[in-house]
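Below is one structure, written out as structure tokens; the observations come after it.
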Amino acid sequence: MKSVATHEAKTHLSALLQEVSRGETIVISRGRKPLAKLVPYDQPVSRPQVGDTMDDPFSVPDEALRPMCGDELRHWGL
């Protein structure tokens, strides 16, 4: 990680941005105190639109939807 002073950052901003575009991280400092960090920009992950499905479709087997028998209802306290 490279560190530069604020004056150097102002003077050589274009060159620093080229370094950042190649993956370098640059810290801008005033004296010995870090003030900011230049990092490569990551494209945000696209969010789903309303109505888009996020998971693969699935099916529910008919057995899962059948009515429960008396023993099953008693087991569930019904």
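Since every read-out is calculated from the coordinates, none of them should be taken as a lab result. What you see is a predicted model; the values in this text were computed from it and never measured. Glycine also receives a Cβ, built like all others from the backbone with ideal geometry; neighbour counts cover every protein chain displayed.
Between Glu72 and Leu13, the modelled labels are 6.9 nm apart [label points 7 Å from Cα along Cα→Cβ].
If the cut-off is a Cα-Cα distance under 15 Å, which aspartates and glutamates reach Lys10, setting aside same-chain residues fewer than 8 apart in sequence? Candidates past the 8-residue exclusion: Glu19.
The charge dipole of the chain, taken about the Cα centre with unit charges on the Cβ atoms of Lys, Arg (+1) and Asp, Glu (-1), comes to about 1100 debye, rounded to the nearest 20. In terms of other Cβ atoms within 10 Å, Met1, Met54, Met68 run from fewest to most in the order Met54, Met1, Met68. Subtracting the Cα-Cα distance of Thr53 and Leu65 from 0.36 nm times their residue separation leaves 2.0 nm of extension gain.
Restricting the trypsin sites (Lys or Arg not before Pro) of the range 3-71 to loop positions (DSSP other than H, G, I, E, B) with no more than 15 neighbouring Cβ atoms within 10 Å leaves Arg22, Arg32.
State the answer as a single residue: which of Leu78, Leu16, Gly31 lies farthest towards the positive end of the charge dipole of the chain, with beta carbon charges of +1 for Lys and Arg and -1 for Asp and Glu, about the Cα centre. Working it through, the farthest residue towards the positive pole turns out to be Gly31.
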